[in-house]
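Working notes for the structure below.
The values are calculated or read from the model by the stated rules, or taken from the named source; none is laboratory data. Just so we're clear, the structure is a prediction, and the values are computed from it rather than from any experiment. Backbone-built Cβ (ideal geometry, glycine too); neighbour counts: all protein chains shown.
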Ligand code: K7E
Ligand code: CUA
């Protein structure tokens, strides 16, 4: 009896348990489903077709490089397209122990003593005649107002310029001009100027103080044109200039091309030119229905500099456009526009109106006509404002929150819609029956910021793909904690309808990306550094017999070392406590990919010289004792044996 009762209760209990478990499982499955992308039903054959478009079998190469900005990670991430596989991280403004960047001496010097991070928003490939030439990639630093140049023969940074005086919050950057004559830098955050810099040591000397109540009068925006040497890519502040502007918040830039060559365009918000203590800028800067696209005739500005029509402020040549006429015009554009993008033919300037549901299109020809016929409606803080009824040729009703636009090879534009989480496709080209008409829209997961395409901002877009660079990825991946990866969705634009077919998870934070045909880069990528291309050749030793420790003076020891499978020469380095040690290390391997590393236990030294490359590490031998050094990169069967000792003899007491 009791047994029966027991078993009855047990069955009831079991049923309850199973029921509960089913409920939980059901809820969990529902929760999971909720997180997944809602997508239109696709047939299996369509899925297979999509998959084959992105599948690059092992051993085969991708067709394009995609350079994604890493935002406040201070790095650039290199992907292959269409596979969307990450192939390289290029550290720029932040230390990266994987390659020794910011640990070895020269990169550390370029980064300077003060800054340990940067904020990269807009990478920009060098151009010749308005199309990418595959030589260099320039990047901006929104935080510390610097630019860097990555050489695409070794995928490393070779120059960091700045901080640049006067410009603050360099966001409208880099967007090089069609023959890489100039890189743009502009103030997103106006400040009183000058801000003085110590260029050699890559740091600030001093800014200028003025109370926030004097924002309108004492705070200044500047538009900066950084000169680039066409042969070497060297950015030269001496040949650069700035244009003094009202304290508007300059947001993005693009260079004119074709007929608009010689002009640059900047969007701005806060044309109200106000910053009020305790009042949110989002309210203050949204009072006006329209802000501006500011057009700058940089060819004419160049001429003005030649004629000496500038003043030197903080070491920069600064032109005042209220004194030198004909350089700067403002075109009213609604509303708090974000991106500005010039069409491939250079005839139209597209403003993405952030708080308006339209993209606003100005005609360059009409702009020139307005200037020539004096269609100036007013001056705003000294800047002539052109009649929008003359310059504007279209408002394309794309949808909510347009931010950025890129182009394909068939006369269509693709605009990212942040608020709506969508991409809108519309026609822009003359003669197209769809000109100024939206023809397609695809939902994005979620909150798309920038948008990119192969050669999508050049005179010759390649079509095929559009990349949606999304701010949020919620629930479209396995859970990884309260934080979420960013998301980059690959959209097939080869047909009349856009199709999202793939997704990658880039590191924070891909603002913008550049996509280039691999054929333009691959042929000139180094396999190894030769004795000529080794950037620190004067300190190289190419034979273990020449490896040596040289005492330079009472406090300095210079080491000339080399690495080859599977030894480090010399394997014992003896110094005195308090010595400064200058350690040059050459990787004398002659085959691509045979990299070695270098680390000293207890001394925070880390490096990875690539084949044929010399790196230098400088440190003070401040802690006496015995400190092993070793190769940090697994390189051969006897990698573990690649080790040696740093002996630091204690000072006599
Ligand atoms: Cu993220 Cu170009 Cu800084 Cu737009 S910016 S989204
Ligand atoms: Cu060399 Cu590991």
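Quick notes
- Residue 616 vs. criteria away from ligand 1 (no atom under 16 Å from the Cβ), touching a residue at least 40 places away in the same chain (Cβ under 8 Å) and in a strand (DSSP E or B): yes
- Across region 390-422, the number of residues qualifying as touching a helix residue (DSSP H, G or I) at 6+ places or on another chain (Cβ under 6 Å) and either surrounded by fewer than 22 Cβ atoms within 10 Å (Cβ to Cβ) or modelled with pLDDT under 95 (or both) comes to 1.
- Tally, over region 547-557, of residues that are in a strand (DSSP E or B) and surrounded by fewer than 18 Cβ atoms within 10 Å (Cβ to Cβ): 7
- The set of residues from region 622-645 being away from ligand 2 (no atom under 16 Å from the Cβ) and either in a strand (DSSP E or B) or under 37 Å from the mean Cα position of the chain (by Cα) (or both) comprises 625, 626, 627, 645.
- Region 136-183 - residue that is on the phi > 0 side of the Ramachandran plot and over 15 Å from the mean Cα position of the chain (by Cα) and, of those, farthest from ligand 2 (Cβ to nearest atom): 166
- Residues satisfying the stated conditions in region 77-104, i.e. surrounded by 16 or more Cβ atoms within 10 Å (Cβ to Cβ) and more than 28 Å from residue 583 (Cβ to Cβ): 77, 78, 79, 80, 81, 82, 83, 84, 86
- Residue 607 modelled with pLDDT of 95 or more, farther than 18 Å from residue 100 by Cβ and either touching a strand residue (DSSP E or B) at 6+ places or on another chain (Cβ under 8 Å) or more than 16 Å from ligand 1 (Cβ to nearest atom) (or both): no
- Single match in 637, 621 (criterion: on the phi < 0 side of the Ramachandran plot and modelled with pLDDT under 95): 637
- Which numbered condition residue 271 misses (of (1) more than 24 Å from the chain's Cα centre (by Cα); (2) free of Cβ contacts under 8 Å to residues at least 60 places away in the same chain): (2)
- Number of positions in region 285-309 that are assigned to a loop (DSSP other than H, G, I, E, B) and at pLDDT 95 or above: 3
- Residues that are touching a strand residue (DSSP E or B) at 6+ places or on another chain (Cβ under 7 Å) and more than 17 Å from residue 266 (Cβ to Cβ) within region 297-311 comprise 304, 305, 309, 310, 311, listed in sequence order.
- Of the residues examined, residue 589 is not one that is farther than 18 Å from residue 647 by Cα and surrounded by fewer than 19 Cβ atoms within 10 Å (Cβ to Cβ).
- Selection count where residues are under 18 Å from residue 526 (Cβ atoms) and either within 13 Å of ligand 2 (Cβ to nearest atom) or in a strand (DSSP E or B) (or both), scope region 558-590: 4
- Residue list for region 69-128, restricted to those being assigned to a strand (DSSP E or B) and at positive phi: 71
- Per the listing 214, 274, 282, the residue uniquely modelled with pLDDT of 95 or more and in a helix (DSSP H, G or I) is 214.
- Scanning region 296-329 for residues that are touching a helix residue (DSSP H, G or I) at 6+ places or on another chain (Cβ under 8 Å) and surrounded by fewer than 16 Cβ atoms within 10 Å (Cβ to Cβ) yields a single hit, 326.
- Single condition residue 53 does not satisfy, out of (1) exposed (fewer than 10 other Cβ atoms within 10 Å of the Cβ); (2) modelled with pLDDT of 50 or more: (1)
- Matching residues, region 82-114, being away from ligand 1 (no atom under 16 Å from the Cβ) and under 17 Å from the mean Cα position of the chain (by Cα): 86, 87, 88, 89, 90, 91, 94, 95, 96, 111
- Condition check for residue 161: at pLDDT 95 or above, buried (at least 21 other Cβ atoms within 10 Å of the Cβ) and within 16 Å of ligand 1 (Cβ to nearest atom): no
- In summary, residue 114 fulfils each of the numbered conditions (1) more than 16 Å from ligand 2 (Cβ to nearest atom); (2) in contact with a helix residue (DSSP H, G or I) (Cβ under 9 Å, 6 or more places away or on another chain) with the single exception of condition (2).
- Options 259, 246, 332, 280: the member that is touching a residue at least 40 places away in the same chain (Cβ under 8 Å) and surrounded by fewer than 18 Cβ atoms within 10 Å (Cβ to Cβ): 259
- In region 193-211, the residues that are in contact (Cβ under 8 Å) with a residue 12 or more places away in the chain and in a loop (DSSP other than H, G, I, E, B): 193, 194, 195, 199, 201, 202, 207, 208, 209, 210
- Inspection of region 523-546 finds no residue satisfying the criterion of being within 20 Å of the chain's Cα centre (by Cα) and either surrounded by fewer than 18 Cβ atoms within 10 Å (Cβ to Cβ) or in contact (Cβ under 8 Å) with a residue 12 or more places away in the chain (or both).
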